[in-house]
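Visitor: Pasting a structure here, questions to come.
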């Protein structure tokens, strides 16, 4: 179901996840045999793509490829039914050479800016689920190996009967502002000139607003006095939910914690516009598929 516009990549999936149907193993088996079903292969977290000009596209294959080349030791994931009612699946291919020259496996993060936009939420969902399964093969309750049920959306422990559901890690990501300036941070591993929003995981027992205030104070020494929610973004690296905010701080007297950041910098609204347009002379911001870009864009256009 497509809700009102969200400016972020990896959102607004066109698939109906059919959560009630995926509980039915017989229905899932029949769906996999549907001649109109589509299969998205992965190999070690890399989706199967093809290229045309400057654009990348998902290289869907027929479902029988799973029977021929799918890794049966890893989950077959039912992603949902598309707008035509056709079931979509994803599986792991153990030997990437088995598919010949039909396409190529590519890391999603560098590929995402060139990948067809409406398929990003589908590919991102599959990647996040594969990542979660890779880290959760054993029951967290008793340590027994668990098995995959409900089309890859649940793991069941037959020893203690516990059920485990895919984990989503909430992360607050924020652009602090003071008057006509905004503050962006820089981490040492980043390419030269790159600056971005501050971010951190939300801790147990913490409200979003409290996490924003804590992280902003810890990383930049800035005290938050107002938090404005902007938007959210599923982020499949590995399975986070980015919660984007703009936050007003009490003053511009930053004190960067160099264990968290290499440095930080204030940008005027005009400079922020140059960052968004990739025209700033000595700094640059994340590309449009990142929520940090959308936060900065919203603030710069006010």
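Each reported figure results from applying straightforward, stated rules to the coordinates on display, with no laboratory input. Remember, predicted model here, so these are calculated numbers, not experimental data. Here the Cβ positions follow ideal geometry from the backbone for every residue, glycine too, while neighbour counts run over all protein chains shown.
Visitor: From Cα pairs below 8 angstrom and at least 6 apart in sequence, can you work out the relative contact order of segment 193-277, rounded to a whole percent? Please list the in-between numbers first.
Guide: Values: 93 pairs, mean separation 20.8, N = 85.
Reported as a whole number, the value is 24 percent.
Visitor: Okay, next question. Where does helix 208-220 land angle-wise versus the long Cα axis of the chain, in degrees 0 to 90, nearest 10?
Guide: It is inclined by approximately 60 degrees.
Visitor: Let me ask something additional. Between residue 64 and residue 181, what is the label-point separation in nm under the 7 Å Cα-to-beta-carbon projection?
Guide: Between residue 181 and residue 64, the simple spin-label model gives 6.6 nm.
Visitor: Working from Cα positions, state the angle (0 to 90°, nearest 10) between the long axis of helix 291-300 and the longest principal axis of the chain.
Guide: Taking Cα atoms only, the helix is inclined about 40 degrees.
Visitor: Would you mind checking the tilt of helix 120-135 against the longest principal axis of the Cα atoms of the chain, expressed as 0 to 90 degrees and rounded to 10?
Guide: Tilt relative to the chain: about 80 degrees.
Visitor: So what is the 222 nm mean residue ellipticity for the chain from helices alone, if each DSSP H run of at least 4 adds -39500 (n - 2.57) and you divide by all residues, rounding to the nearest 500 deg cm²/dmol?
Guide: Values: 7 runs with 65 residues, N = 302.
Roughly -6000 deg cm²/dmol at 222 nm, from the helical runs in the chain.
Visitor: Once both labels are modelled 7 Å past Cα along the beta-carbon direction, what's the residue 71-residue 218 spacing in nm?
Guide: Inter-label distance under the simple model: 3.3 nm.
Visitor: Between [x] 0.98; [y] 1.02; [z] 0.95, which matches Rg/Rh (Cα atoms, Kirkwood Rh) calculated for the structure shown?
Guide: Working out Rg/Rh (Cα atoms, Kirkwood Rh) from the coordinates points to [y].
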